[in-house]
Structure formats: C-alpha cells, structure tokens
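Working notes for the structure below.
The values are calculated or read from the model by the stated rules, or taken from the named source; none is laboratory data. These figures come from a predicted structure and were not determined experimentally. FYI the Cβ positions are ideal-geometry reconstructions off the backbone, even for glycines, and counts take in every protein chain you see.
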Amino acid sequence: MQFRSFPSSEEVSHHMGDLLRKHLQQEGPLMLSGGSTPYQIYNQLAQEKFDIHPDCRIFLSDERCVPVDSEKNNAFNLKPMLNALNGNAQFIAVDTSRSPTEACIQFSNQLDTLSSPHLGLLGVGADGHTAGIFNQTDAIARSAEKTLHTNRPDGMDGVSVSASFIQSCRRIILLATGESKRDILITLKKEPTTLIAGQVLFHHPQVEIWTDLDLSSYL
C-alpha cells in the first residue's frame with residue numbers, strides 16, 4: 001500500500017475531484033464510496049458543467065437497507081451530483097425496496113454485467129472497516145461472490161461489494177482525512193493485517209491511501 005500525504009484536506013479534495021472528473025467523462029465502471037469527505041467532493045463536482053459519459057457506470061461500494069429518501073441512504077446523498085451531471089441513467093443502485101437478500105442478489109447480477117472497475121474509491125472507519133465489510137470472515141473471503149448481505153454494527157442491514165470484488169478493481173484509493181483518522185492510519189501503515197481494511201486490501205497490487213496527515217515519521 002502506498003501512502004500519499006497532501007498539505008491539507010482541501011488539496012486532497014482538489015486532486016480527488018480532478019481524478020473523478022476524468023473518470024466520470026470516460027466509459028467504464030467506477031466504484032464510489034459514501035462518507036462526509038467524498039460527499040463534499042461529489043457536491044463540488046455537481047457545480048461544474050460537464051456530463052457523465054453515457055457509457056460510464058457508477059455504483060457505490062455499499063448501501064444501508066433504508067428507504068431511498070433517507071439521509072442514511074448513500075445513494076440519496078449522491079443524487080445531487082447525479083442530477084446535476086445528467087448521470088442518473090449511468091448509476092447502478094442497490095434496490096432497498098427489496099429484502100436485503102434479494103437486494104444483494106440483484107446488485108450482484110448487475111455487477112456481473114460490468115468489466116473490472118478502472119477505479120474504486122473507499123474509506124476507512126474508526127473501527128478499521130472498509131466498504132460494508134465489518135468482520136474478518138468477510139474480509140478474507142476469496143469466493144467468487146461479488147456482493148455481501150451484511151449485518152452492520154449500527155443494527156442496520158446492508159449490502160456491500162465483497163473483498164473479492166474489491167480485489168478485481170484495477171486501482172483502489174482509500175480516502176482518509178482529518179486528525180480523527182491518524183491512529184487508524186498509523187495502524188494501517190505499521191500493522192495492516194490487524195485491521196479489516198488492511199486484510200481486504202493487503203494483497204491488492206495498486207492501493208493508495210490519500211490523506212492530509214503527515215505519516216512520514218511512522219515506519
């Protein structure tokens with residue numbers, strides 16, 4: 001895993017916005033992450049004047065099984081960008097009107113129609129999880145399944161891409177900004193396999209961690 005530190009969170013957002021703009025204007029799959037920092041970037045992109053490529057396919061790494069108009073629904077928070085950039089037709093959503101099991105199967109079937117994503121954007125939680133993967137069993141599973149029905153620590157059901165699917169992405173960027181992420185990033189750098197995110201990403205050939213924290217003193 002390669003750590004890339006920027007001078008500020010604004011610089012992280014600027015460079016990530018540039019990269020996402022490039023991919024949104026190209027054909028091919030693009031996996032996005034939920035979370036406060038990504039939403040700020042998506043909302044900034046919504047202010048720009050370009051259309052998402054008609055053959056770009058956008059999807060989220062995970063979703064809570066809540067109504068589509070809930071603020072806890074990741075797709076709901078992505079809508080401003082999709083609406084502004086005329087990208088609703090290119091978005092593959094988890095159908096949360098179905099049961100979690102049915103939603104998981106349908107999402108997997110939709111991902112089956114895609115080639116390997118050119119880019120996957122992920123985050124890392126304070127507990128070390130990534131996407132909707134919260135336990136070691138799911139983190140180290142290398143089955144062919146593309147999706148997981150997860151029981152989240154907050155008590156909600158969820159649908160997530162699997163560790164195997166994440167491994168299929170050509171390039172992974174894990175976005176982690178703010179002082180609250182320092183301890184988890186130090187652990188990810190020094191002892192990656194002690195964290196769920198590290199177990200998921202450790203064997204991937206092209207993983208970058210983008211942060212506004214200086215971690216150069218930690219070997």
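For ASP157, are the conditions met, namely being touching a helix residue (DSSP H, G or I) at 6+ places or on another chain (Cβ under 8 Å), surrounded by 18 or more Cβ atoms within 10 Å (Cβ to Cβ), touching a residue at least 40 places away in the same chain (Cβ under 8 Å) and of a type in the set (D, E, K, R)? Give the steps one after another, and end with the answer.
Numbers: touching a helix residue (DSSP H, G or I) at 6+ places or on another chain (Cβ under 8 Å): yes; surrounded by 18 or more Cβ atoms within 10 Å (Cβ to Cβ): yes; touching a residue at least 40 places away in the same chain (Cβ under 8 Å): yes; of a type in the set (D, E, K, R): yes.
For ASP157, the condition - touching a helix residue (DSSP H, G or I) at 6+ places or on another chain (Cβ under 8 Å), surrounded by 18 or more Cβ atoms within 10 Å (Cβ to Cβ), touching a residue at least 40 places away in the same chain (Cβ under 8 Å) and of a type in the set (D, E, K, R) - is met.
Only a single item in (1) among the hydrophobic types (A, V, I, L, M, F, W, C); (2) farther than 14 Å from ASP138 by Cα; (3) free of Cβ contacts under 8 Å to residues at least 60 places away in the same chain is not met by CYS169, and it is number (3). Within the range 94-106, is there a residue that is surrounded by fewer than 18 Cβ atoms within 10 Å (Cβ to Cβ), among the basic types (Lys, Arg) and more than 27 Å from THR177 (Cβ to Cβ)? Yes, the range 94-106 has at least one match.
If you go through the range 110-134 and pick out every residue that is out of contact with any helix residue (DSSP H, G or I) (no Cβ under 7 Å at 6 or more places or on another chain) and in a loop (DSSP other than H, G, I, E, B), you end up with 7.
Number of residues in the range 149-174 that are among the hydrophobic types (A, V, I, L, M, F, W, C), at pLDDT 95 or above and outside any helix (DSSP H, G or I): the value is 6. The lone criterion from (1) free of Cβ contacts under 8 Å to residues at least 60 places away in the same chain; (2) crowded, with 21+ Cβ neighbours inside 10 Å; (3) under 21 Å from ASP157 (Cα atoms) left unmet by CYS65 is number (1).
Residue by residue, here is whether (1) closer than 25 Å to GLN206 by Cα; (2) crowded, with 19+ Cβ neighbours inside 10 Å holds:
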{"residue": "ASN109", "(1), (2)": "no, no"}
{"residue": "ASP112", "(1), (2)": "yes, no"}
{"residue": "GLY125", "(1), (2)": "yes, no"}
{"residue": "ALA139", "(1), (2)": "yes, yes"}
{"residue": "ARG152", "(1), (2)": "no, no"}
{"residue": "SER164", "(1), (2)": "yes, no"}
{"residue": "ILE173", "(1), (2)": "yes, yes"}
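For the range 175-203, a residue qualifies if it is buried (at least 21 other Cβ atoms within 10 Å of the Cβ), part of a loop (DSSP other than H, G, I, E, B) and not aliphatic (A, V, I, L, M), and exactly one does: THR177.
The rows are residues; the columns are (1) buried (at least 22 other Cβ atoms within 10 Å of the Cβ); (2) without any contact (Cβ under 8 Å) to a residue 24 or more places away in the chain; (3) under 19 Å from GLY28 (Cα atoms); (4) not basic (Lys, Arg).
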position	(1), (2), (3), (4)
LYS49	no, yes, no, no
HIS53	no, no, yes, yes
SER61	yes, no, yes, yes
ASN74	yes, no, no, yes
PRO80	no, no, no, yes
